[in-house]
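The values are calculated or read from the model by the stated rules, or taken from the named source; none is laboratory data. A quick note: this is a predicted structure, and the numbers were derived from the prediction, not measured. Here the Cβ positions follow ideal geometry from the backbone for every residue, glycine too, while neighbour counts run over all protein chains shown.
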Amino acid sequence: MNEIYVDTVRLMLGIAPIVFDTPLFAMKGGTALNLFLQNMPRLSVDIDVVLTDRKLSRDEAIAVISAELERAREQIEAEGHATKFSKATSSGRAKGDEVKLTVISGETSVKVEVNYVFRGTLLEPVQRPLVGAAEEMFSTRIVVPTLHESELYGSKLVAALDRQHPRDLFDVKHMYDVFGLREDIVDAFVGYLSGHNRPIHEVLFGPKHSMVEVYETDFVGMTLERVDLEELEATQDRLHRELPAALTENHRQFLLSLVRADPDWSLMTYEHLRELPAIRWKLQNLEVLKKKNSALFEQQESLLREHFAKLDIGTAQT
């Protein structure tokens, strides 16, 4: 493993208990998967945070996130680390949809990112200890709240289709190896897909992207055992082929109703899905689009239907 990544993880594990010393935060993403759920198949160097309270308004959420990160910043600086803080304002946005705290120690830095749009959770977070392999390598024991297992992987599948980064595809490969594409993971995937800022059909049926450059610069040296680019590309192919086909009829009909801005909530298993701010925000944007450009609005449903129809034809022919 690359020593730079090892040093970064060491710093990250040192600050994580401070960041999560609040009932309002839970960990998601690659760090939760690889250091707190699976026995460290790869290193992960960022802290992705979910604000668990879905009932706060956006302004309230930004204020709470900023206050919690300011608290963490003060404690982290007291331990001798430097920090940079990128805040969002109630009238505008930070770059992207995250409020970011960067912690710097010598040549090493760790980003702590809290998404203020996709807040709240589908399932109850779980307290998880650091996995054994990480305890042994870094000589530390910590416990942090993370998203539920199916939610960790469901959100990861959205990231893998959207970003198509080697790290995400590695996590998907490991999911296939350990769990397969479980129904509860697909349920969570649809929940997260519903709140994504891109059109549903673009994420679910988008083209595959090359991973050649980022494989060398942002992936090699992270895994316990070497994983070739060809293995990740095979996982990429498999995901693009199998995940859309894994959606049930209820999933399909829900997504079609969502892009019509008239979601049939009864088709999904999560009773509070309608309360999630990211989905409410998506629906507001769809209503705006409907008024401004009805043709483009209607195209979202028609393109999604076309992709489902092509998928059915391809399935029938195999």
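Scanning region 57-87 for residues that are crowded, with 18+ Cβ neighbours inside 10 Å and touching a Pro at 6+ places or on another chain (Cβ under 8 Å) yields a single hit, ALA61. Output the residue which, of all residues in region 44-56 that are surrounded by 21 or more Cβ atoms within 10 Å (Cβ to Cβ) and touching a strand residue (DSSP E or B) at 6+ places or on another chain (Cβ under 8 Å), is nearest to ARG167 (Cα to Cα). So the residue we want is VAL45. Of the residues LEU273, LEU289, LEU267, the single one that is touching a residue at least 24 places away in the same chain (Cβ under 8 Å) and surrounded by 14 or more Cβ atoms within 10 Å (Cβ to Cβ) is LEU273. Of all the criteria given as (1) within 26 Å of GLY120 (Cβ to Cβ); (2) within 17 Å of the chain's Cα centre (by Cα), the one not satisfied by HIS174 is (1).
A residue that is free of Cβ contacts under 8 Å to residues at least 12 places away in the same chain and under 18 Å from SER155 (Cα atoms) occurs nowhere in region 210-221.
The sole residue among ILE279, ILE313 that is at pLDDT below 95 and β-branched (Val, Ile, Thr) is ILE313.
THR31 satisfies every condition listed in (1) in contact (Cβ under 8 Å) with a residue 40 or more places away in the chain; (2) of a type outside the set (Lys, Arg); (3) surrounded by 19 or more Cβ atoms within 10 Å (Cβ to Cβ) except (1).
Only residues that are buried (at least 18 other Cβ atoms within 10 Å of the Cβ) and under 13 Å from SER105 (Cβ atoms) were counted in region 9-26, giving 6.
Looking across region 80-98 at every residue that is in a strand (DSSP E or B) and closer than 21 Å to LEU56 by Cα, the one that is modelled with the highest pLDDT is identified as SER86. Listed by first and then second residue, the pairs linking a residue in region 60-86 that is over 22 Å from ALA26 (Cβ atoms) to a residue that is outside any loop (DSSP other than H, G, I, E, B), with Cβ atoms under 7 Å apart and 6 or more places separating them unless they lie on different chains, are GLU77/THR83; HIS81/VAL103; HIS81/ILE104; HIS81/SER105; ALA82/ILE104; LYS84/THR102.
When restricted to residues that are aromatic (Phe, Trp, Tyr) and either crowded, with 21+ Cβ neighbours inside 10 Å or farther than 30 Å from GLN253 by Cβ (or both), region 193-218 contains 1. Within region 190-246, the set of residues being part of a helix (DSSP H, G or I) and among the aromatic types (Phe, Trp, Tyr) comprises TYR192, TYR215. Out of region 104-116, which residues are hydrophobic (A, V, I, L, M, F, W, C) and either buried (at least 18 other Cβ atoms within 10 Å of the Cβ) or in contact with a Cys (Cβ under 9 Å, 6 or more places away or on another chain) (or both)? Within region 104-116, VAL110, VAL112, VAL114 qualify.
Looking at region 99-110, is at least one residue within 21 Å of LYS28 (Cα to Cα), modelled with pLDDT under 95 and touching a helix residue (DSSP H, G or I) at 6+ places or on another chain (Cβ under 8 Å)? Yes, region 99-110 contains a residue that is within 21 Å of LYS28 (Cα to Cα), modelled with pLDDT under 95 and touching a helix residue (DSSP H, G or I) at 6+ places or on another chain (Cβ under 8 Å).
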